[in-house]
1. Check which residues have an amide H placed less than 5 Å from B:A148's amide H, if you skip close sequence neighbours.
2. Taking Rh as the Kirkwood radius, which is the inverse of the mean 1/r over Cα pairs, what is the Rg/Rh value for the protein assembly as shown?
3. Within region B:1-89, report the GluC sites (Glu not before Pro) that DSSP leaves as loop and that have at most 16 other Cβ atoms within 10 Å.
4. Suppose every Lys and Arg Cβ carries +1 and every Asp and Glu Cβ carries -1, with no other charges. What dipole size does region A:185-342 come out with about its Cα centre, to the nearest 20 debye?
5. What are the lysines whose alpha-carbon lies under 21 Å from the alpha-carbon of A:K311, with same-chain residues fewer than 8 places away excluded?
6. Of B:C125, B:C302, how do they rank once you tally other Cβ atoms within 10 Å and put the fewest first?
7. Give me a single rounded figure for A:210-221: the average over its residues of other chain Cβ atoms within 10 Å of their Cβ.
8. Per residue of region B:127-135, what does 6.51 cos²θ - 1.76 cosθ + 1.60 with θ = phi - 60° give for ³J(HN,Hα)? Whole Hz please, x for Gly and Pro, Karplus curve as stated.
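What follows draws every value from the coordinates through simple rules; no lab data is involved. Note that the structure is predicted; figures quoted are calculated from it, not measured. Using ideal geometry, Cβ is built from the backbone for each residue, glycine included, and neighbour counts are taken over all protein chains shown.
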Amino acid sequence: MVKNASSPRTTRVAPSSQKRPAQLTERRAKTEGRSNAADISAERLSPDATWQRRHLLDLDDFSAAELVVVLDTAGAMKEVLARDVPRVPALRGKTIVTLFYEASTRTRASFELAGKVLGADVINVSAAGSSVQKGEALLDTIRTIQAIGADVCILRHHSSGAPYLAARESSFRVVNAGDGGHAHPTQALLDAYTLRSQLGDLRGRKIVIVGDIAHSRVARSNMWSLTALGAEVVLCGPPTLLPPGLNDAAPDAEERDLPPVRVEHDLDIAIEDADAVMALRLQRERQSGGLLPSLREYARLYQVNGERMAKAKPDAPVLHPGPINEGVEISTEVAHGSRSVVEEQVANGVAVRMAVLYLLLRGEQP
Amino acid sequence: MNKLLIRGGRVLDPAQGVDEGADVLIVDGQVAAIGGDLDVANTEVIDANGLVVSPGFVDIHTHLRDPGQEYKETIATGTEAAARGGFTTVCCMPNTEPAIDTRATVEYVLRTAMSGHVRVLPIGCVSRGREGHELAELADLADAGCVAFSDDGSPVADGALLRHAMEFASISGLKVIDHCEDLAISDGGVMHEGWVSTRLGLRGQSAAAEETAVARDIAVAAEAGLPLHLAHISTRASTDLVRAAKQRGLPVTAEVTPHHLTLTHNVVAFGENGNRDNDTLLYDTNTKVNPPLRSADDVAACVEALREGVIDAIATDHAPHADYEKACEFDEAAFGISGLETAFGLCMTLVHSGALELPTLIERLTAGPVRALGLQRSVPNLGSLVEGAHGDVVLLDPAAEWTVEPERFASKGKNTPLACRTLKGKIVATLYNGKVVWSEERVEV
C-alpha cells in the first residue's frame, strides 16, 4: 500500500513556507527531490552517476538519487563479501584511520573490515590509550593524523559537530561514525539498506522509530534518509525523550529546517499498520536524569514486544542499532524472533561502509 | 588652559534632550559648553562635520579578565578595545582569578586601570569567591571603589542570599546585578533549546531557565523594596516580566546585549548571511554565549523592550577568550562573545532597519546604563555632555561601512560571530577626559 506523498499529516515538522532564508531554501530544494525515490531505484543508476562529496558528515542534504547510489554500491559490495576470498584491491595504498572517542563494537569493527576488504591500510586510534588521555585537544590529534598521511579519518566523538570541525580543519576526508546526539549516517545507510532489502521501495511505507529520540543520533540521521526515500516516518517516545522543535504551532515553525516526520506518543497507536519498527537503545542514565520514572515504566509504555508487533503489518521487520537492552526497549522474543533483522543490519553495515569508503576514495590516485 | 573644539557635528546628548547641530567645547578635559557661537581663541579643533557627537558610551557589563586570565584580555587591551568601540567607561565584572571579592583586588584593578585607555569602574562580587554561600564584604568593596555587585557568570542561586546582598548593598547605596539562570533548568545546555538544537543534536538550554530566575528576582526585589538590575535578558517572557514589574513601580532595571538584539540561534548552525559556505552545518563556537542566542521572536521582543525603555541599557557582555578556547568541539568551547568593538555597528543595524531611532540607541548606550546602575553617584554627569561633565565624547559616522576583521581587534579576544560581516555605522574618534584615545586617520586634531 503506497500512500500519496501529499496526504495530510497531523504534525509536519517542516511545513512548506513562503518566507525562508536563502540558505534554507536551497536545502529544502534538495529534499524536495525525495518523491523521485522509486523512479531512481528502478533505474539502478550506476555508482558513478552522482557522488561529489568530500566527506560523509550526515545525510541531511542527500537526495533520494544519491542515497540510492550508495545503497546500490553497497549491494555490489555484498557480492564481494560473498566471495570465497573477499578481497579486492580497490583502495590499495589508501590509509584509513579510525579515531574513536567513544566505545564501539559494531561500527568500528565493520569500518575496519570494510577498509581491509577493499585493500586499504587501517589504523585504529582510541581516545583511551592515546594522547587524548593526556589531554591532547581534538584539533591537535586531527593534525597528527593528517601528518601521518591519512586519506580518510573515521571519527566517532561524544560531542555533536566534532566531525564538522575535523572536516573544516584538515586535508583528509572525514566519515562521521557518530557524533554526540547529532548524526550517525552510516548507521542510517545500513538501516535504509536493510529496510529496502526487506520492503523494496520505501515510498509511502510507514516506519516507526521508538524510544529515546532526543538523544539519538541514529534517529536523527534516519529521519533524513528515510523521508528522503519517501517513507512516512513516525517518531514515538515519551515527551521527555523527544527533542524540542517538533511543534509546528511555534512562531518560527516556517523557518525550521527539519525533516517532515510525525510524532505520536502512544506506541499502540503509532505501531498500527507499521511497515517496519525501529527500536532505539535506552541509556539507563535517563532514569537518574529524571527523564523516566523507571525502566519498568518505560518498558510498559514503549517496549517493542510481541503484543504490539501484532498491530503492525504482518512480517514487518524490527530493527535495532544495538547494543540491545533486552527486556527494556525490546522484548527478548522480538529481539530474537523471526521479524528481527538486527544481525542482518550488522552484516549490511560492512557492505554499506565499504560503499562509503569506496565512493569517497575511488577516484584518487594513491 | 587646554581647549578643544569639536566643530560642526550633530550633537546628540539624550541626558539633556539635546539633538542639534552644534559645537562642543572642552576645556581642561571637561565639557565647557555646547553651542553655535563659542569662544574659539587658542583652540584645537576637531572637524565633526557629517558626524554624530555623543557622550562616550558606558558599558555596564564587561569582562576584562584581569587579574588572572591575562591570556584572554588585560585591562590595557580591554580598555583599548573599549575606546575603539566608543566606550569611555566600562564596568568590569568580578569573575577574575582571584575574583574581585576583596579590597586588594579592587585596588589592583583601579591602579592598573590608571594607565588604561578609558575609565574602569569595578563591580564587586556578591559572594566570597563567587561561590554563592557567604556574602563578600560589600561595604568595604564599595568604599574601595566598586559601583555594583554581581556574581556574573553564575546566578545568585540562593534567593535568600540575593535578598541579603541587596540589603547589605543598600548600605552603600549600590545595586546588585543578577545573572538570571536557573541552573537546574539550563542543565548544562550549550545553546538555546529549540529546533536548531534539535537539528544540531546539541543540548539545549530552555528559555524558562532565564525566565524563572527573572521572576524570582523580581519577587525578591519587590519584597525587599530594593533595586535590582538584571543582566543580559534575552527572551520575550523576560521582557514581559520586567515590563510588568516596572508597571508596578518596582525599581527593577535590565540590560540586553547587542548580539541578543540582532542574532538568532539559527546562526549557530547556518551562519549570519548567505556569504558563508553553508554546505555543511557550522557549529560555530563563536556563537556560543550564555544566555544563548534565542529565537527570532525573542530577538524582536528584546528590540521592542529596548525601544520602549523596558530594557534600560545595552551592555556588551564583552567576553574575550583565547583562540584555542573556541577552536574545539562546541560542547567544550567557552561561552562568550568579544563584543566591545562591534557593539555600535551591530546595534546600528536596528537603526538602519527602522526598528530603533538613533537617539534612542544613543540613550541606551549612555544615559540609560548610567541611570540603571546609578553611576552618576560615582562619576558626576557620567553619560552626558552637560557643562562640567568629563570630556568623554565619541564621534560617530552612522552611514560608514566597515568590515569586521577580528585579527585587527585591540581586544585579545577574537571570538566574534561577525567576522567578515560588513557593518554600517562606525566609531570615528573617541575622546576620554578631553583626550583622543582612538581615532581614524581622517580626524585632524
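1. Sorted by chain and number, the residues that satisfy this are B:G124.
2. Working: Rg = 29.9 Å, Rh = 28.8 Å.
My calculation puts Rg/Rh at 1.04.
3. Sparse-neighbourhood loop GluC sites (Glu not before Pro): B:E70.
4. Dipole magnitude for region A:185-342 comes out near 400 debye.
5. Excluding near neighbours in sequence, the set is A:K3, A:K206.
6. Details: B:C125 30, B:C302 26.
If I rank by nearby Cβ atoms, fewest first, I get B:C302, B:C125.
7. The shielding value for this peptide is 1.
8. Using θ = phi - 60°, the values come out as 10, 4, x, 6, 8, x, 9, 10, 5 Hz.
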